[in-house]
Amino acid sequence: MSDVSIPGVTSKYNTQKMIEDLMKLERIPKTRAEDNLKQVQLQKTTWLDVNRRMVSLRESSRSMFSFQNPFNERVALSSDDKILTASATREAVEETKTFTVKQIASADRFMSARLPDNFKVPSGNYIFTVGSSTVKLAFNGGSLKDFSEALNRKGGETIRAQVVPVTTTERILLIESLKTGSKTRLGFSEAAEKFALDTGLIERSSSSKVELAAESPVAFTKTIDAGRVVGKNGTLQVGPGAEAALKLPSGVASANLVLELEIQVSELALPPQSGPPPGPSIPGTGKIEYEGIVIQSAPSDVSLPGWTAPAAPPPRNDDQKILYLIDSSGKSVPLPAVQSADAYQKITIPLSLYAESFAGIGIRNNNTHKEVFIKSTRVFDPTETAGFRPKNPVDTSRDAIVVMDGIEITRQSNKIDDLVPGVTLNLAEASEKPVKLKIEPDREAVKEAIIGLVGNYNRVMAEINIISRKDEGLIDEISYFTDDERKLYTERLGILQGDMTLSQVRSSMQGIMMNAYPTRSAISVLSSFGISTNSQKGGGFDTSRLRGYLEIDENALMKSLKENFESVRDSFGFDTNKDLIIDSGAGFSLDALIKPFVETGGILTIKTQTLDTTITRSKKSIEDFTVQLTRKEEELKRKYGLMEGAVGQLESSASAWDSFGKQQ
């Protein structure tokens, strides 16, 4: 059975090997085409990566001079972050402001008396108010914990409750408003009112409000000038150079009290400046003419009295220190400055910030050209609401009070974004210490943007160097490559060697980063700001520094950003002809260089499209080779099968004849 041979299946003549050897020769054109296809595909991938790197570089370069450039970023630096911090937007103006945080805004926080741990909250309709907001809770009764959890679910961002175990058998209920400001008082009604009274959250009180009658002014530090101090119809008028006071019958403790009044400081019209009077109009005396002779009459002689110029007005004096707090001992304390205005402005002053007691208010008008009007002056306890006041207040709602450059400002929140354009203030704590807030360019953001630009520039330069040169040292000298990147770039080493486009881009990029550019002050080069190439290191020669890569001396760069900020800015993008269009600078030049390469239908797009055509043609050629080789192999198998069959028949005939001969 081992001698049985089936042509095309088994072969004792090893025809299959002969066919394979013949097919190896036939496959050489296909193998070459496949190798060429892989090379073209690698070239396309390389160009796509070059395009991606150049797009990143263009974006970095455009960001240095576009509308969103980092040179327009602003940062707010506070001299004391514990008191005040701030954030600035691009709209902020470079300036320095001085703030004094007299008071931060707070919310009502009321604490109950000590309650037993088994205290039960009765059922009822509990209504809580926080300013204009209302929280309604229909409670079915339960423990303090049940009540606190129900109120927290209902209160949302308006009100919050907490149960504090002060001992193993006693609890305290803390209810607080979540909104700051004097207009967001915490109130109780219906079942909540009785519950608050029973648990010691609030207590009933008589009104502490006291009006200071404007019609009854008294002397402040000097006698009242009746001609310049007038009190009538609920308004006190104090003329230039005059002073007066509004006092209580007796002094009161200033704790929890505030002074509220309306004041107007208006400008007086200055009298017109006059010269000497023109005097009477005297008609002419006439003349006479006789036979050509003219005789003119002598002019009239009128004696006019002499003119004495009026006294010069006193020197103009401006004084914003108009209001003074008078304590029980008669001592006066200056209150915040008051600005001139054509309308009444409402002022609220926490008295405890200025003195321990309050007996009245003094008005001193040292201005030579202003009148002061005061009305609706009152002293009251702001913690009182509808006849109730907190019995155990942890904190009470009040406004934030900030003095900016001598001007006192009141806001309901500790986050103030409408005071300085483009700046949001965040008040942390009150202090008499002035805090300077400096708005300046965000130099760190500029530095990071420049580092990003240089990083993208170096990646493009490294890409071009590697794919255009057959030098393994180009890969070894780049320390930031990962192992995968080293393997990838080893395959691409010199793949586009001889391409003129890459050489031109490389030399143009180097020239752009080394050129001098006009600025507002002088001609500048990037190397003067710490951005340069360097071929020397420690006195030795380093070939890696001749590749066109850029280096940054961060210390030199930050020094330039502090001392020559505008020059650094102009070196990346500058409007030389004042037409509001950037037309110079390293960033502008890089963008202009890269744009025709990476834009839609640009140079790199055309290159990849050309390679796509080559790839399509190569794939079609390989498919044709595959069909031809399949047919060739089938034909060889058929022919060798026939040959083996014929040889087998001949061998069988020869064997038969041999057997026949032996038999004979």
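For the stretch 171-229, what is the Kirkwood estimate of the hydrodynamic radius, computed as the reciprocal of the mean inverse distance between distinct Cα atoms, to one decimal in Å? Write down the numbers at each step before the final one.
Details: mean 1/r = 0.0613 Å⁻¹.
This gives a value of 16.3 Å.
So how far, in whole Å, is the C-alpha centre of the stretch 406-450 from the one of the stretch 452-474?
Result: 44 Å between the Cα centres.
Can you compute the equivalent ellipsoid semi-axes for the stretch 512-664, i.e. the square root of 5 times each eigenvalue of the Cα gyration tensor, sorted largest first and rounded to whole Å? It would help to have the intermediate numbers written out before the result.
Details: eigenvalues 1329, 110, 14 Å².
The answer is 82, 24, 8 Å, longest axis first.
Once the stretch 15-153 is represented by equal point scatterers at the alpha-carbon sites, with solvent omitted, what log10 I(q)/I(0) does the Debye formula produce at q = 0.13, 0.17, 0.20, 0.22 Å⁻¹?
Per q value, in the given order, log10 I(q)/I(0) is -0.92, -1.07, -1.21, -1.29.
Taking 1 over the mean of 1/r across every pair of different Cα atoms in the stretch 78-230, what Kirkwood radius in Å do you get? Could you put the intermediate results ahead of the total?
On the way: mean 1/r = 0.0508 Å⁻¹.
One decimal place: 19.7 Å for the Kirkwood radius.
Checking the cross-link filter: which aspartates and glutamates have an alpha carbon closer than 19 Å to that of residue 194, excluding same-chain neighbours under 8 positions apart?
Filter leaves 108, 146, 176, 203, 384.
Mind pulling up the Rg/Rh value for the stretch 368-506? Radius of gyration and Kirkwood radius, both on Cα. Let's see the in-between values first.
Working: Rg = 32.9 Å, Rh = 22.9 Å.
Rounded to two decimals, Rg over Rh is 1.43.
Starting at the first residue of the stretch 150-161, write each ³J(HN,Hα) from the Karplus equation 6.51 cos²θ - 1.76 cosθ + 1.60 with θ = phi - 60°, in whole Hz, x for Gly and Pro.
3J(HN,Hα) across the stretch 150-161, in whole Hz: 5, 5, 5, 5, 7, x, x, 9, 10, 9, 9, 10.
Where does the stretch 150-248 land on Rg(C-alpha)/(2.2 N^0.38 Å)?
Values: Rg = 24.0 Å, N = 99, 2.2 N^0.38 = 12.6 Å.
Normalised Cα radius of gyration, the stretch 150-248: 1.90.
Going down the list 136/415; 82/562; 82/438; 232/375, which pairs span over 18 Å between their C-alpha atoms? Intermediate results must be reported in sequence, preceding the final value.
Working: 136/415 29 Å; 82/562 26 Å; 82/438 16 Å; 232/375 10 Å.
Check vs 18 Å cut-off fails for 136/415; 82/562.
Restricted to Cα positions, what overall size does the stretch 31-95 have along the principal axes? Three whole-Å values, descending.
In descending order, the Cα extents are 76, 26, 11 Å.
HN-Hα J couplings of the stretch 60-77 from phi, Karplus 6.51/-1.76/1.60, θ = phi - 60°, integer Hz, Gly and Pro as x?
Here the 3J(HN,Hα) series is 5, 5, 5, 5, 7, 9, 6, 4, 8, 5, x, 5, 8, 5, 10, 9, 9, 10 Hz.
In whole angstrom, note down how far apart the Cα centers of the stretch 368-394 and the stretch 216-243 are.
22
For the chain, which span is the longest to avoid every loop-located (per DSSP) member of GluC sites (Glu not before Pro) having at most 14 other Cβ atoms inside 10 Å?
Numbers: sites that count: 91, 94, 157, 215, 291, 356, 429, 432, 472, 599.
Longest site-free region, per DSSP loop and neighbour criteria: 473-598.
Which Cα, out of 511, 495, 246, lies furthest along the positive dipole direction of the chain (beta carbon charges, K/R +1, D/E -1)?
Result: 495, furthest along the dipole toward the positive end.
Taking amide H atoms as placed 1.01 Å from N in the peptide plane, list the residues 5 or more away in sequence, or in a different chain, whose amide H sits under 5 Å from that of residue 231.
Sorted by chain and number, the residues that satisfy this are 237.
Search the structure for amide H atoms under 5 Å from the amide H of residue 103, placed 1.01 Å from N in the peptide plane, and list their residues when 5 or more places away or on another chain.
401
Filter the cross-link list 97/559; 102/145; 331/436 down to pairs whose alpha-carbon distance in this structure exceeds 26 Å. Could you put the intermediate results ahead of the total?
Working: 97/559 24 Å; 102/145 38 Å; 331/436 31 Å.
From 97/559; 102/145; 331/436, over 26 Å: 102/145; 331/436.
Kindly provide the pair-distance distribution of the stretch 546-588 built from C-alpha pairs, with 5 Å bins from 0 and whole-percent values in order of increasing distance.
Answer for the stretch 546-588: a P(r) of 6, 20, 17, 23, 15, 12, 5, 1 percent.
Note down the magnitude of the dipole of the stretch 548-664 about its Cα centre, charges +1 on Lys and Arg C-beta and -1 on Asp and Glu C-beta and zero elsewhere, to the nearest 20 debye.
Values: 15 positive and 20 negative charges, 177 e Å.
Taking the Cα centre of the stretch 548-664 as origin, the dipole is about 860 debye.
Could you tell me how far the Cα centroid of the stretch 559-632 sits from the Cα centroid of the stretch 35-78, in Å?
The two parts, judged by their Cα centres, are 9 Å apart.
Which percent of Cα-Cα pairs in the stretch 580-664 sits in each 5 Å bin, short to long?
Histogram of Cα-Cα distances, whole percents per bin: 3, 11, 7, 8, 7, 6, 7, 5, 6, 5, 5, 4, 4, 4, 4, 3, 3, 2, 2, 2, 1, 1, 0, 0.
State which entries of 120/179; 222/370; 183/346 exceed 25 angstrom in Cα-Cα distance in the structure shown.
Details: 120/179 28 Å; 222/370 19 Å; 183/346 15 Å.
Pairs exceeding 25 Å: 120/179.
Quick query: amide H of residue 201 versus all other amide H atoms, modeled in the peptide plane; which residues come in under 5 Å with a sequence gap of 5 or more or a different chain?
Under 5 Å from the amide H of residue 201: 113.
If I model the stretch 442-573 as equal point scatterers sitting on the Cα atoms and use the Debye formula, what is log10 I(q)/I(0) at q = 0.10, 0.16 Å⁻¹?
At q = 0.10, 0.16 Å⁻¹ the computed log10 ratios are -0.39, -0.89.
I'd like the Karplus ³J(HN,Hα) series for the stretch 427-434: coefficients 6.51, -1.76, 1.60, θ = phi - 60°, whole numbers in Hz, and an x wherever there's a Gly or Pro.
Rounded to whole hertz, the list is 7, 9, 7, 7, 6, 7, 6, x.
Cross-link candidates for residue 38: which lysines have Cα within less than 30 Å, leaving aside residues fewer than 8 places away along the same chain?
17, 24, 30, 470, 487, 595, 607, 619, 620, 632
Tell me, what are the semi-axes, in whole angstrom and largest first, of the equivalent ellipsoid of the chain as set by the roots of 5 times the Cα gyration tensor eigenvalues? Each step should come with its number before you reach the end.
Values: eigenvalues 1707, 505, 97 Å².
Over the Cα atoms of the chain, the ellipsoid semi-axes are 92, 50, 22 Å.
If I take every Cα pair under 8 Å that is 6 or more residues apart in the stretch 72-199, average their sequence separation and divide by the length, what percent do I get for the relative contact order? Before the final figure, lay out the partial values.
Values: 213 pairs, mean separation 34.6, N = 128.
RCO, the stretch 72-199: 27 percent.
In whole Å, largest first, what are the principal axis extents of the Cα atoms in the stretch 354-404?
49, 27, 21
Based on alpha-carbon atoms only, what is the radius of gyration of the stretch 63-134 relative to the globular estimate 2.2 N^0.38 Å? Mind dumping the intermediate values first?
Numbers: Rg = 24.0 Å, N = 72, 2.2 N^0.38 = 11.2 Å.
Ratio of Rg to 2.2 N^0.38 Å for the stretch 63-134: 2.15.
For the stretch 572-628, what does the equivalent ellipsoid look like in terms of its semi-axes, each the square root of 5 times an eigenvalue of the Cα gyration tensor, given largest first in whole Å?
On the way: eigenvalues 431, 12, 4 Å².
Sorted largest first and rounded, they come to 46, 8, 4 Å.
Read-outs throughout are calculated quantities, based only on the coordinates presented, and are distinct from any laboratory measurement. This is a predicted model, so every value here is computed, not measured. Quick reminder, even Gly has a Cβ in these numbers, built from the backbone with ideal geometry, and neighbours come from all protein chains shown.
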